[in-house]
Amino acid sequence: MFESLSDKLKRTLKNLRGEGVLRPEHVDAALREIRLALLEADVNYKVAKDFIARVREKALGQEVWQELKPAEQVVKIVYDELVELLGGTSSRLVFTRQAPNVVMVVGLQGSGKTTSTGKIALWLAKNEERKPLLVSTDVYRPAAREQLKVIAKATGQAIFDLPESNDPVLLAREAVRHARDYGYDTLLIDTAGRLHIDDQLMEELVQIKTETRPVEILFVADAMTGQDAVRSAEEFHRRVGITGVILTKMDGDARGGAALSIKQVTGQPVKFVGVGEKYDALEPFYPDRIAQRILG
Ligand code: GDP
């Protein structure tokens with residue numbers, strides 16, 4: 001992940017450091033290289049363009065180069081802007097005192113949605129001392145509903161189901177009731193996934209949202225799918241309203257475009273990353289650590 005982008009940025013900034021006197025044309029040449037590297041990493045075109053414009057303005061606007069050497073100053077500006085691109089500060093899940101807090105997990109089939117729902121439950125139980133309850137409202141794919149049960153069992157989490165029911169809204173409503181009655185403070189709803197965005201799926205998600213009033217709606221995106229993931233996130237946000245993103249398969253060799261574009265395009269931050277198939281392979285997303293890794 002980010003390897004090729006990281007190599008290119010490091011090389012460009014190293015060349016910049018090698019210049020005796022740093023002239024605006026040197027900065028511009030470096031910025032052209034950085035822009036290309038971002039596009040090759042599959043960063044959204046407009047996001048890359050705006051990024052370069054901001055770095056350029058800051059770099060050339062430095063009238064007095066204080067403390068740091070000029071090239072170091074540019075490196076610092078690139079670092080700061082990368083952190084911004086990745087979402088600024090780390091974003092946590094936001095909980096209220098209302099019980100249960102509902103977290104809806106949405107996304108396309110195959111993105112890692114069901115696995116991530118189980119991973120979040122485990123993470124919350126381990127790290128935030130929460131008492132989660134799981135429910136699947138994927139009434140179209142019995143295998144998906146079964147898969148959540150397998151994950152619940154393997155991770156020791158509680159799960160609610162009405163095996164006879166094929167009504168997603170009823171399942172969600174009854175799960176909220178069950179959570180309230182049995183003292184679960186967090187209800188994680190694994191919603192149905194589809195191969196493509198369709199009106200029926202979106203309508204169903206809006207109905208579940210209206211019924212359960214979630215504190216978080218997390219969109220699960222497969223980092224390997226790059227700009228497709230960004231476009232889907234944008235569409236889910238427009239139609240349902242998301243509060244954050246979980247980027248899965250960050251352990252793969254994705255180029256990084258999704259991670260670097262989602263916040264700018266949707267306005268919503270990446271909150272967690274999936275880093276493996278195991279149920280504890282979930283980490284909060286730290287923009288500064290990623291930027292440091294990219295720039296080495
Ligand atoms: P869903 O259809 O969106 O619910 O997707 P699943 O949760 O069934 O996941 C699809 C596949 O992706 C499964 O084989 C998961 O083990 C795998 N998967 C999910 N998250 C990750 C991740 O962060 N890293 C890796 N390597 N595989 C993942």
message: How would the chain be classified by its alpha-carbon gyration tensor: rounded, prolate or oblate, with rounded meaning a/c under 1.5 and the a/b versus b/c comparison settling the rest?
response: prolate
query: Using the heavy atoms of the protein chains alone and a 1.4 angstrom probe, what is the accessible area of the chain per residue in square angstrom?
result: 48 Å²
query: Between Q207 and D80, how many nm apart are label points set 7 Å from Cα along the C-beta direction?
result: 5.0 nm
message: What are the ³J(HN,Hα) couplings of segment 89-94, residue after residue, when phi is run through the Karplus curve with 6.51, -1.76, 1.60 and θ = phi - 60°? Round to Hz, x for glycine and proline.
response: 8, 5, 10, 9, 6, 9
- prompt: In degrees, nearest 10, range 0 to 90: what is the angle between the Cα axis of helix 227-239 and the longest Cα principal axis of the chain?
  reply: 50 degrees
query: K126: which aspartates and glutamates have alpha carbons under 17 Å from its alpha carbon, excluding same-chain residues fewer than 8 sequence positions away?
result: D185, D280, E283
Computed E for E3/K49 - FRET, C-beta separation, R0 22 angstrom, nearest 0.05: 0.40
task: Excluding R145 itself, calculate the net charge of residues whose Cβ lies under 14 Å from the Cβ of R145, where each Lys or Arg counts +1 and each Asp or Glu counts -1.
output: -2
query: Using the Cβ atoms and a cut-off under 11 Å, what net charge is assigned to the surroundings of I242, where Lys and Arg are +1 and Asp and Glu are -1?
result: +1
message: Using the Karplus curve 6.51 cos²θ - 1.76 cosθ + 1.60 with θ = phi - 60°, what ³J(HN,Hα) values do you get for each residue of segment 113-127, in whole Hz, with x for Gly and Pro?
response: 5, 5, 4, 5, 4, x, 4, 5, 4, 4, 4, 5, 5, 6, 9
statement: At R0 = 35 Å the Cβ-Cβ FRET efficiency linking H196 and R11, nearest 0.05, sits at 0.30
task: Quick one: check the C-alpha center-to-center distance for segment 78-103 versus segment 155-172, whole angstrom.
output: 28 Å
statement: Share of Cα-Cα pairs in segment 115-270 beyond 20 Å, whole percent, is 52 percent
field: Area of E84 that stays accessible when all protein chains are in place (1.4 Å probe, Å², to 10)
entry: 100 Å²
message: For a quick check of understanding: with a 1.4 angstrom probe and all protein chains in place, what accessible area in square angstrom does D198 have, to the nearest ten?
response: 50 Å²
- request: Mind checking the full-extension length gain between E283 and L162? Use 0.36 nm per residue of separation minus the Cα-Cα distance, one decimal, nm.
  value: 40.4 nm
For segment 66-129: span of alpha carbons on each principal axis (Å, largest first): 52, 32, 19
- request: Would you mind telling me the share, in percent, of accessible area of segment 1-154 contributed by carbon and sulfur at probe 1.4 angstrom?
  value: 50 percent
query: Taking K and R as +1 and D and E as -1, what net charge do the other residues with C-beta under 13 Å from the C-beta of R17 add up to?
result: +3
- line: Residue by residue through segment 15-30, the couplings from Karplus 6.51 cos²θ - 1.76 cosθ + 1.60 with θ = phi - 60°, in Hz, x for Gly and Pro, are 4, 4, 5, x, 5, x, 10, 8, 9, x, 5, 5, 5, 4, 4, 5
message: Let me check I have the definition right: for segment 23-132, take the eigenvalues of the Cα gyration tensor, multiply each by 5, take square roots. What are those semi-axes in whole Å, largest first?
response: 41, 18, 11
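The values are calculated or read from the model by the stated rules, or taken from the named source; none is laboratory data. On a predicted model such as this, the values are computed, not experimentally measured, just so you know. Here Cβ is always computed from backbone atoms with ideal geometry, including for glycine, and neighbour counts include all displayed protein chains. Note: areas computed on protein heavy atoms with side chains; ligands, DNA, RNA excluded. Shrake-Rupley method; radii C 1.70, N 1.55, O 1.52, S 1.80 Å.
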